[in-house]
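S.K.: Shown below is the structure under consideration.
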Amino acid sequence: MEKYVIHGGSALTGEVSVSGAKNAAVAILPATILAGGKCVIENLPSISDVYTSVHILREMGAEIRMLDRSTVEIDTTHITTEVVPEELSRQMRASYYFLGALLGRFREASVAMPGGCDLGPRPIDQHLKAFTSIGAVDSMEKGMIQVSAPKLTGSHVFFDTVSVGATINAMLASVMAEGTTVLENVAKEPHIVDVANFLNTLGADVRGAGTDVIKIRGAASMHGGNYTIIPDQIEAGSYMAAATITGGDVLVKNIIPKHLEPITAKLERAGASIEEFDEAVRITRSGPLQATNIKTMPHPGFPTDMQPMMTVLLSLAQGTSIITEGIWENRFRYVDELLRMGANIQVDGRVAVVEGVGELQGAPVRASDLRAGCALVIAALSANGVTEVEEVSHIERGYESIVEKFANLGADIHRGGKPSSTLQPAF
Ligand code: EPZ
């Protein structure tokens, strides 16, 4: 099994360029099905969740051409099936976006109940609520979810929970419904706006993305188009946290500073100095890390996907921080690994009480999910001695070239163990 071997203690310095947003990419790739034509997608991150999505499209009959490392041409004219290959769809949570895209184009879809990070129960009732509101019926057979509709008709959907996935899936399914669909109590994350912009490039009429209400006027048909994915705010935040915890001086490039505001505000409270440019931020720190409280919430609140990295940072801060997880039921599993590195954290359900300690010690640790894995890497960079992070395939689902990017910033990090097969592009 592949692992990362990290000798901690170096302050990170230099520049790092952020890749395209994973959570936009894994929705935009299935959304190309709606085009029924040729799309060119730029700023695609080289991560295993993207390889899996592209692999699914190819298996379903799309023609795929890599134009360069981060640009792919996808022609979905000849997609021949509305069934997503079961084995591939189980590999990642976001395969549920194939449901909305296939339903939108073919009026039927079949996808395996999705896998992905284990953060507690991950229902999709709100996705199905949106599909049924516009005229679909759903059923479950042998672990496959099926949705079908003789006809899709615009409707009014009020979501019971603010859900990123349900908001995007509802947009995908309704862009070609007859009439107008109104989605209320929707998610407002930057990747919601990115997917809406992509759909509009293909001829859809989606308005209001980024606010609480999205209105979609159904288009009779859609077409291909070119699109550039936004930078990944969580990858950016991860490097910002790493720069802060190691007391470094790092320029994080290819970002949209506005998307980072909730993260920037908390890092500043914790002791970072952040200078903003048009498409970059520079992070330094002069004083000690300071305790602060965090509650994760839907955008524009503090993002749950940054919670593990902030817990690591605050484990070295002066004082006591209280971290409340407002989105997922079980997102503190990595804390046991941090305790092995000398952190002082008590978890009670969705709340972690973090007492800052003077230092962390290197130890063998295991990544339990994508962001937890990145958090352990950041802990290792700041720790005394050597840390070996195992099960790094979780990390490489969402972070492009993380070892190389940290090494370029002066970190002592290299791969060890047997290379993992998930790192190979599937196209
Ligand atoms: C997306 O997951 C992200 N994944 C997650 O990022 C992220 O943590 C999450 O949004 C919240 O920001 C992708 O975009 C692929 P939700 P998603 O639906 O869409 C409840 C990462 O590390 N809910 O917004 O699955 C749900 O249980 C990953 O990159 C329902 O009750 O999350 C949760 O408590 C991990 N019914 C809350 O809503 C539903 O039908 C928010 O979930 C759907 C969700």
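S.K.: Given (1) in contact (Cβ under 8 Å) with a residue 24 or more places away in the chain; (2) touching a Ser or Thr at 6+ places or on another chain (Cβ under 9 Å); (3) under 29 Å from GLY8 (Cβ atoms), identify the lone condition not met by GLU276.
M.R.: Condition not satisfied by GLU276: (1).
S.K.: Let me ask something additional. Could you say whether any residue in region 170-181 is closer than 18 Å to VAL26 by Cβ and within 12 Å of the ligand (Cβ to nearest atom)?
M.R.: Checked region 170-181: at least one residue is closer than 18 Å to VAL26 by Cβ and within 12 Å of the ligand (Cβ to nearest atom).
S.K.: Return the pairs, sorted by first residue and then second, in which the second residue is within 9 Å of the ligand (Cβ to nearest atom) and among the small types (Gly, Ala, Ser), the first residue lies in region 290-311 and is farther than 13 Å from ARG350 by Cα, the beta carbons are less than 7 Å apart, and the residues are 6+ apart or on different chains.
M.R.: Listed by first residue and then by second, the contacts come to PRO298/ALA187; HIS299/ALA187.
S.K.: Sort out which residues of region 200-224 are touching a residue at least 40 places away in the same chain (Cβ under 8 Å) and either within 16 Å of the ligand (Cβ to nearest atom) or in contact with a Phe, Trp or Tyr (Cβ under 8 Å, 6 or more places away or on another chain) (or both), and write them in order of number.
M.R.: ILE214
S.K.: Still on this structure, I have one more. Mind counting the residues in region 195-208 that are part of a strand (DSSP E or B) and hydrophobic (A, V, I, L, M, F, W, C)?
M.R.: Count: 1.
S.K.: Further, regarding this structure: Based on what the data block shows, is ALA379 open to solvent by less than 10 Å² (accessible area, probe 1.4 Å), part of a helix (DSSP H, G or I) and away from the ligand (no atom under 15 Å from the Cβ)?
M.R.: Here the answer is yes, as ALA379 does meet what is asked.
S.K.: Here's something else I'd like to know. Among the residues that make up region 150-160, is at least one of them more than 22 Å from LEU370 (Cα to Cα), more than 8 Å from the ligand (Cβ to nearest atom), at pLDDT below 95 and of a type in the set (Ser, Thr, Tyr)?
M.R.: Looking for residues that are more than 22 Å from LEU370 (Cα to Cα), more than 8 Å from the ligand (Cβ to nearest atom), at pLDDT below 95 and of a type in the set (Ser, Thr, Tyr), one finds none in region 150-160, hence no.
S.K.: On the basis of being touching a residue at least 12 places away in the same chain (Cβ under 8 Å), of a type outside the set (Phe, Trp, Tyr), in contact with a Leu (Cβ under 9 Å, 6 or more places away or on another chain) and more than 16 Å from the ligand (Cβ to nearest atom), does GLY20 make the cut?
M.R.: no
S.K.: Can you name the strands (runs of 3 or more DSSP E) wholly within region 209-276 that have at least 2 residues being under 30 Å from THR76 (Cα atoms) and open to solvent by 40 Å² or more (accessible area, probe 1.4 Å)?
M.R.: Working: elements: 213-217, 225-228, 249-253, 272-276.
It comes to 213-217, 225-228.
S.K.: Read through the list (1) of a type outside the set (Lys, Arg); (2) more than 15 Å from the ligand (Cβ to nearest atom); (3) open to solvent by 10 Å² or more (accessible area, probe 1.4 Å); (4) under 19 Å from VAL182 (Cα atoms), then give the number of the only condition that SER139 fails.
M.R.: Evaluating SER139 over (1) of a type outside the set (Lys, Arg); (2) more than 15 Å from the ligand (Cβ to nearest atom); (3) open to solvent by 10 Å² or more (accessible area, probe 1.4 Å); (4) under 19 Å from VAL182 (Cα atoms) leaves (4) as the failure.
S.K.: Consider GLU189 against the criteria (1) within 14 Å of the ligand (Cβ to nearest atom); (2) more than 18 Å from VAL26 (Cα to Cα): it satisfies all of them except one. Which criterion is unmet?
M.R.: Of everything listed in (1) within 14 Å of the ligand (Cβ to nearest atom); (2) more than 18 Å from VAL26 (Cα to Cα), GLU189 misses just condition (2).
S.K.: Please name all residue pairs, on different chains or six or more residues apart, with Cβ atoms under 6 Å, provided the first residue is in region 362-388 and is in contact (Cβ under 8 Å) with a residue 12 or more places away in the chain and the second residue is of a type in the set (Asp, Glu) and away from the ligand (no atom under 16 Å from the Cβ).
M.R.: Close Cβ pairs satisfying both conditions: PRO364/GLU388; VAL365/GLU337; ARG366/GLU390; LEU376/GLU337; ASN384/GLU359.
S.K.: Please state which one of ALA101, ALA112 is buried (at least 24 other Cβ atoms within 10 Å of the Cβ) and within 16 Å of the ligand (Cβ to nearest atom).
M.R.: Residue meeting the stated conditions: ALA101.
S.K.: I've got another one for you. Taking region 208-258 only, how many residues are small (Gly, Ala, Ser) and within 24 Å of PHE277 (Cα to Cα)?
M.R.: Adding up the residues that qualify gives 9.
The values are calculated or read from the model by the stated rules, or taken from the named source; none is laboratory data. These figures come from a predicted structure and were not determined experimentally. All Cβ positions, glycine included, derive from the backbone under ideal geometry; neighbour counts span all protein chains shown. Accessible surface is based on the protein model in full, side chains and every heavy atom, while ligands, DNA and RNA are left aside. Shrake-Rupley method; radii C 1.70, N 1.55, O 1.52, S 1.80 Å.
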